[in-house]
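K.L.:
One structure is given below, represented as structure tokens, and several questions about it will come after.
The values are calculated or read from the model by the stated rules, or taken from the named source; none is laboratory data. Quantities reported herein were computed from a predicted structural model and do not represent experimental measurements. Heads up, the Cβs are rebuilt from the backbone with ideal geometry, glycines too, and the neighbour counts pull from every protein chain shown. Note: areas computed on protein heavy atoms with side chains; ligands, DNA, RNA excluded. Shrake-Rupley method; radii C 1.70, N 1.55, O 1.52, S 1.80 Å.
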Amino acid sequence: MPKNKGKGGKNRRRGKNENENEKRELVFREDGQEYAQVTKMLGNGRLEALCFDGVKRLCHIRGKLRKKVWINAGDIILLGLRDYQDNKADVILKYTPDEARNLKAYGELPESAKLNDNLFDEDNQDEIEFQNNYDGDDDDIDDI
């Protein structure tokens with residue numbers, strides 16, 4: 001049986017995602033494209049998205065994004081519409097929460113769009129309080 005003399009396997013050769021923190025230019029939609037919000041992940045590189053033109057479409061994540069860009073329910077994405085199938089589309093780009101906020105500020109997204117950047121609102125934040133029953137006595141721990 002041969003000994004492992006290398007410095008790692010496939011994942012080492014693949015490298016890390018170096019450009020993760022780089023700021024990219026905001027991409028706006030062109031004709032044949034539409035903004036959408038992911039409603040449900042279906043698996044096998046497919047998802048269901050509600051486009052901001054009011055149509056619910058079955059979308060396919062293109063190979064460039066697969067396993068590199070993780071898409072979750074509630075994310076804002078850019079879709080490439082198909083000429084021959086109106087109820088299907090292809091995911092071109094996923095917007096970060098900051099980019100989605102900027103799109104909304106520029107008026108590209110409707111005001112009714114719910115962005116999932118902050119799940120806890122500062123206004124009506126329900127705080128959890130814990131009771132403090134500790135009296136400073138560690139006798140119970142010593143008995144065990």
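K.L.:
Which of the residues spanning segment 51-68 are farther than 13 Å from ASP86 by Cα, open to solvent by 40 Å² or more (accessible area, probe 1.4 Å) and among the aliphatic types (A, V, I, L, M)? It would help to see each step written out before you state the result.
P.N.:
Start the filter on segment 51-68 by keeping residues that are farther than 13 Å from ASP86 by Cα, which leaves 52, 60-68.
From what is left, the residues that are open to solvent by 40 Å² or more (accessible area, probe 1.4 Å) are 52, 60, 62-64, 66-68.
Result: no residue meets the conditions.
K.L.:
Is it the case that segment 71-83 has a residue that's out of contact with any Leu (no Cβ under 8 Å at 6 or more places or on another chain), among the polar types (S, T, N, Q) and either modelled with pLDDT of 90 or more or not in a loop (DSSP other than H, G, I, E, B) (or both)?
P.N.:
The answer is yes, given that some residue of segment 71-83 is out of contact with any Leu (no Cβ under 8 Å at 6 or more places or on another chain), among the polar types (S, T, N, Q) and either modelled with pLDDT of 90 or more or not in a loop (DSSP other than H, G, I, E, B) (or both).
K.L.:
Within 17 Å of the chain's Cα centre (by Cα), surrounded by 12 or more Cβ atoms within 10 Å (Cβ to Cβ), assigned to a strand (DSSP E or B) and not hydroxyl-bearing (Ser, Thr, Tyr) - does that describe any residue in segment 97-104?
P.N.:
No, segment 97-104 contains no residue that is within 17 Å of the chain's Cα centre (by Cα), surrounded by 12 or more Cβ atoms within 10 Å (Cβ to Cβ), assigned to a strand (DSSP E or B) and not hydroxyl-bearing (Ser, Thr, Tyr).
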